[in-house]
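Trainee: Handing you a structure now.
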Amino acid sequence: MNLDRVSPDLRPIAEDIARRFGNRIDAWDTPRPNEVYVHASMDLAAGFCAHLHRRWNVRLIAVFADDFRNEGGVFHLYYALAADAAHGFVFLRAPVSPDTPQFTSLANAIPALNWQEREVQDMFGLKLVGHPNPRRCALHDDWPEVYPLRKDFGLHTVLPPFQGERHKFRQVEGEGVFQVPVGPVHAGIIEPGHFLFSVAGEPVLYLQLRMFYVHKGAEKLFEHLPPPHAVRLAESISGDSSFAHATAFCHAIERAANVEAPPRARGIRSVCLELERIYNHVADIGAICTDVAFVTAHMHAMRLKEAVLCACEELTGSRLLRGMACLGGVRFDWDAGQIALLRALTARLRPEFDSLVELIDGSSSTRDRLETTGILQPKVARDLGVVGIAGRASGFDHDLRRDFPHAAYDQVKISVPVYQAGDVKHRLQVRVDEVRESFSIVEQLAARLPAGPVRSEIGELPAGRVALGYVEGWRGEIFHWIRTAPGNRLARCKIKDPSLQNWPALSEAILGNIVPDFPVVNKSFNLSYSGTDR
Amino acid sequence: MFGILGKSLSTGIVTTKYPAAPPKVSIRARGRPEIDWTQWKDARPAAAACPTGAISFQDAGGHRTARFDLAQCIFCGLCADADPAIRMTNRVECAARDRASLISAARYKLGDDGAHRQLVPGPAPVATEPARPPAPAVSSPLESIGRQIQQRSRLIFGRSLHIREVDAGSCNGCEIEIAGLNSPVYDIERFGIHFVASPRHADMLLVTGPVTRNMELALRKTYDATPEPRCVVAVGACGCGGGIFGVNYATRGPVDAVIPVDVYVPGCPPNPHALLHGILRAIHREQWGRI
Amino acid sequence: MNLDPIHLLLQTLLLLALAPLLSGTIRSWKAKLQNRRGPRPWQAFLDIAKFLRKDMVIPEHASWIFHFAPYVVFLSALLAGLMVPMLRIPAPLSLFGGALALVGLLALGRFFLALGGLDPASAFGGMGSSREMTVSAIAEPALMLAIFTVAITAGSTDLSQMARTTQSTAFNLLNPAHVLAFAAIFIVLLAETGRIPVDNPATHLELTMIHEAMLLEYSGRYLAYMEWGASVKQLVLMTLLVNVFFPVGLAGADAGPLALAFSLAAYAAKLLALCAAVVVVETTNAKLRLFRVPDLLSAAFVLAALALLSMFLFR
Ligand code: SF4
């Protein structure tokens, strides 16, 4: 075992793992200094995660499986852990034999894993042992017994059309309790999902979520596309995070190929990520206002968002920054005129945005609706591993831009807003603070964008590499984990959108609130259905 | 209170003049690609570069039929990077009432190296549609009374249109732009067009996304809950042609694989001008000024 | 009671024509304050005309109530409208007890509206209906009390008689009882017509709706009647405010065409001023939390009660 490659920050943790679990570890793999893989058997998982969490405050960011039967005769289960303070990732890789396709659930100890473990069960047919609620999650109840992410399941398999029971919700009973089903088609211009409220009068007693209505087989599709095409698919994981997802994917490929994007490309990436953050945050601020019927603020927000989208079109050719990301950098360089436009944009938007915030702060009826609504307690948020805006509004101080600097975030100063209150008002406040922060990041980067090329060449991908790409999108942390296959293809692409992690928190935040407040609470999280369902 | 009114009044009306004025689209914007059919030397590099299969070809007997399907195109511009005969324009108004009119094709005589030797003159052969499961019968077959309905809808919806937006599986990119139609800049209400909460109030379904297996039934139910006369507009590359997702184990592909579609609005996602154009085209008003 | 058929017909037509126009005007002005061009004021007409010509989709579990409700809602509002003087005193219709009958008719309409919302047994309809009844349980007494304030001065519950009294020089338009009652009815107007801060007429969010939620299952003709009825009801309440409480320019029984024209102009001006007030309230406020709505309406009730009280105190 050689830990020399491990980055100095991460080394103490690696050494501790070696000391403590050394005799039970089969192998080590350190493809990159901040990415360490520990190969061990499954029964190590619970103790391993618990120890790292206690001793090093390391958090579990994802659990996923990989069909490794063709190469090694087994399935692999990965537990991905992030050590924020040490700026590194630790993976535990455990084999699961196809003869006994089952694995032990950690969801009792780590509620954040609830959905992810069930997704592994649905997509790979690995049975969960000891899960508190092992019902179907990613595939609806009417799906036949298929395991789409196994290699022997064809992408184009034609399944019989939908029939029968979609999902058996739990019944909530009691005097005066009745159930209000909402969806999957919602009344607004939003994505489909099914909510079942159990209410007593107006207060909500219990909220059950049914997602995965827009499951499009994206992870499977990744295995069939050459990487340059897959970038375009990554853009369609969640349209509002097009650039963030595409960049996370490119980042993963670049890490697998051991190529780094040139400095200018990284600067441009950061600017684009911030533009994406600005337009989404501004839109959300407006949408939160419209959900409490303060339409005036909404309209001003929409106007600002439109200005950002037009600037994006001028900078990248697409209003949603599509077609800009590419492997090894970005597709289009910016001339002086475009950079001037960027600076003019922030100069113009800053005062406009301030007056929008003033408008909202000045409206006492709006404030009254937002304060103490939909509180997500910091403790609950921690247990559920809530990330991103919602996490920061509930006391979770982390941000990949600061803790794992990617793109050009090592070049700028970033302060992360963190609040403890966890209500709608503070989720709004996090957005307000972040937009201001984004303006300043864009200005800093636009002022000194390094010269040079915007793209490094990436040849054919070597087979059998694993890599994690990460980006702090506007909603929270986005991970793309890949394993490469021969012939410039991917054997697996696991996508982790922050929404998947945050949905269950919505059920917690709405408890005790009244039904008509649900839309604004939901909007304050604004999670992506498509990013969850893929 | 005065602050709010003051801000509103000082900002003034910001709505565009479109469609009376041409759409404001950056010259750098990527709209529909244009292929110079006569100068096209070889379809293979562009077809290989195209992530969605919008550009494809078929070789048979020393001839090649090259085909471009605008409905599937995500306007990424990779084809233009790969082939000098293809150029990206910033034209975004591409809505069509007829699926076939989005497809263009040409026939070439092939050289020994597989490149095009010469364009075969005459009307391009109608390229065959990609194989897809036939659209299942819907409760009231629109086709049979198509013309009548069209007349009636023109009469009825001309000045008042209620739209129900249905996301049948999109990535939410289209939703961002559709929501933009309610912004003060595009302000769809000035046409007497309104988004509504219930399919029963709706005249038009604006459907996005490759229809997923899980949403198929919901989409069909929504369609059945919409009173006649009604029309359906498919939005985006995914809604029009399946987009980058196409047909797989979890998706049924384009919207017209599930319910009949009256107007297709290509784009990924379509520019708000393009959406306005498509919606107005569906009610035969795309040429008009404000009223 | 002597019916004047021409007057009756005229007022009916005026009600039907003016009501959607008023809703449309409010919508259009609101749009302007939202920095957009917005719909034309007569858009509401085109919408109703369109819905009248559309087919209907009837929910599976609907009973006769579902079919019956739109007509009751529409006709009750219309009938109530005929009892309020619009252009000329007296109003064409005066049923038993005037103001009482008016409040009763509005209640009947609302009752059927709520039943129609409940009937198809959809979750949102039920939710909307129960909310509507909660709101009206307080709004109705407040309305009643406020009207009584004037009725006592007039010594009659007949609305035309009340208007005549307020018009007479002896009556001080700015006396505290009157102003309080006016304020009370303005709040009731906001609540009863589903406006911010009670309800949001422009919302797409089925979970927050009150009025719209009850209409979700309606389509075509029925929807047209429901919407039309709602706008007539709004006009009735507004007319009540501007003509019974503030009958400036209202023509008398024997008015000639010139006086009638002047009356129409005054009426229109007053209505537009009231619309402007509604628009300002809707633009500058957010919606209240649902459980705060009763507080607002109780305030209206208290205002009305104070009005009644001060009636006796400052006589
Ligand atoms: S999707 Fe459209 S723009 Fe992109 S490569 Fe294909 S044809 Fe060209």
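Trainee: So, in the stretch C:208-226, of the ones that are of a type in the set (D, E, K, R) and buried (at least 24 other Cβ atoms within 10 Å of the Cβ), which residue ends up nearest to C:V188 (Cα to Cα)?
Mentor: Only one residue tops the list, namely C:E212.
Trainee: Let me ask another. Scan the stretch A:204-216 for residues that are more than 9 Å from every other protein chain (Cβ to nearest Cβ) and of a type outside the set (S, T, N, Q) and jot them down.
Mentor: Hits for the stretch A:204-216 are A:V204, A:L205, A:Y206, A:L207, A:L209, A:R210, A:M211.
Trainee: State yes or no: is B:I27 more than 16 Å from the ligand (Cβ to nearest atom) and within 12 Å of another protein chain (Cβ to nearest Cβ)?
Mentor: For B:I27, the condition - more than 16 Å from the ligand (Cβ to nearest atom) and within 12 Å of another protein chain (Cβ to nearest Cβ) - is met.
Trainee: From the list A:R367, A:R322, exactly one residue is away from chain C (no Cβ under 14 Å) and of a type in the set (D, E, K, R). Which is it?
Mentor: Of A:R367, A:R322, the one residue that is away from chain C (no Cβ under 14 Å) and of a type in the set (D, E, K, R) is A:R322.
Trainee: Does any residue of the stretch B:13-20 turn out to be within 16 Å of the ligand (Cβ to nearest atom) and not assigned by TED's automatic domain parsing to the domain that holds B:L276?
Mentor: No, every residue in the stretch B:13-20 fails to be within 16 Å of the ligand (Cβ to nearest atom) and not assigned by TED's automatic domain parsing to the domain that holds B:L276.
Condition check ((1) closer than 22 Å to A:N502 by Cα; (2) of a type in the set (A, V, I, L, M, F, W, C); (3) assigned to a loop (DSSP other than H, G, I, E, B)) across all residues:
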site	(1), (2), (3)
A:L321	no, yes, yes
A:A340	no, yes, no
A:I375	yes, yes, yes
A:K379	yes, no, no
A:D383	yes, no, no
A:Q420	yes, no, yes
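Trainee: Can A:I478 be described as surrounded by 20 or more Cβ atoms within 10 Å (Cβ to Cβ) and at pLDDT 90 or above?
Mentor: yes
Trainee: Of all the residues that make up the stretch A:7-52, how many are of a type outside the set (D, E) and in a strand (DSSP E or B)?
Mentor: Matching residues across the stretch A:7-52 total 11.
Trainee: Moving to a separate point now. List every residue pair whose Cβ atoms lie under 6 Å apart, where the two residues are 6 or more positions apart in sequence or sit on different chains, the first residue falls within the stretch A:104-124 and is free of Cβ contacts under 8 Å to residues at least 12 places away in the same chain, and the second residue, located anywhere, is surrounded by fewer than 21 Cβ atoms within 10 Å (Cβ to Cβ) and not acidic (D, E).
Mentor: none
Trainee: Now a separate question. If a residue counts only when it is within 14 Å of chain B (Cβ to nearest Cβ), touching a residue at least 40 places away in the same chain (Cβ under 8 Å) and touching a Phe, Trp or Tyr at 6+ places or on another chain (Cβ under 7 Å), which helices (runs of 4 or more DSSP H) contained entirely in the stretch C:141-257 have at least 1 such residues?
Mentor: Passing ranges, in order: C:211-215, C:220-239.
Trainee: I'd like the full set of residues that are at pLDDT 80 or above and away from every other protein chain (no Cβ under 12 Å), limited to the stretch A:168-193.
Mentor: Within the stretch A:168-193, no residue meets the criteria.
Trainee: I'd like to check which strands (runs of 3 or more DSSP E) are fully inside the stretch B:55-124 and have at least 2 residues that are hydrophobic (A, V, I, L, M, F, W, C), within 14 Å of chain A (Cβ to nearest Cβ) and away from the ligand (no atom under 16 Å from the Cβ).
Mentor: Filter on the stretch B:55-124 gives an empty set.
Trainee: Only one residue in A:R232, A:R264 is part of a helix (DSSP H, G or I) and more than 14 Å from every other protein chain (Cβ to nearest Cβ). Which one?
Mentor: Selected residue: A:R264, the only one of A:R232, A:R264 that is part of a helix (DSSP H, G or I) and more than 14 Å from every other protein chain (Cβ to nearest Cβ).
Trainee: If you don't mind, there's one more thing I want to ask. Which condition from (1) under 26 Å from A:S236 (Cβ atoms); (2) surrounded by 17 or more Cβ atoms within 10 Å (Cβ to Cβ) is the one that A:L449 breaks?
Mentor: The single condition A:L449 does not satisfy is (1).
Every residue, every condition in (1) touching a residue at least 40 places away in the same chain (Cβ under 8 Å); (2) among the hydrophobic types (A, V, I, L, M, F, W, C); (3) crowded, with 22+ Cβ neighbours inside 10 Å, yes or no:
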site	(1), (2), (3)
A:P378	yes, no, no
A:A381	yes, yes, yes
A:L384	yes, yes, yes
A:G391	yes, no, yes
A:G395	no, no, no
A:D410	no, no, no
A:V416	no, yes, no
A:Y419	no, no, no
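Trainee: Give the residues of the stretch A:213-238 that are within 23 Å of A:H281 (Cβ to Cβ) and within 16 Å of the ligand (Cβ to nearest atom), sorted by residue number.
Mentor: A:A234, A:E235, A:S236
Trainee: Next question. Residues to consider are B:P45, B:P33; find the one that is touching a residue at least 24 places away in the same chain (Cβ under 8 Å), within 16 Å of the ligand (Cβ to nearest atom) and either within 11 Å of chain A (Cβ to nearest Cβ) or crowded, with 22+ Cβ neighbours inside 10 Å (or both).
Mentor: Result of the check over B:P45, B:P33: B:P33.
Trainee: From C:G117, C:G104, C:G155, C:G126, which residue is surrounded by 22 or more Cβ atoms within 10 Å (Cβ to Cβ) and not basic (K, R)?
Mentor: From the options C:G117, C:G104, C:G155, C:G126, the qualifying one is C:G117.
The values are calculated or read from the model by the stated rules, or taken from the named source; none is laboratory data. As the structure is a computational prediction, the values presented were derived from the model and not from experiment. Reconstructed Cβ throughout: ideal geometry from the backbone, glycine too, with neighbour counts over all protein chains shown.
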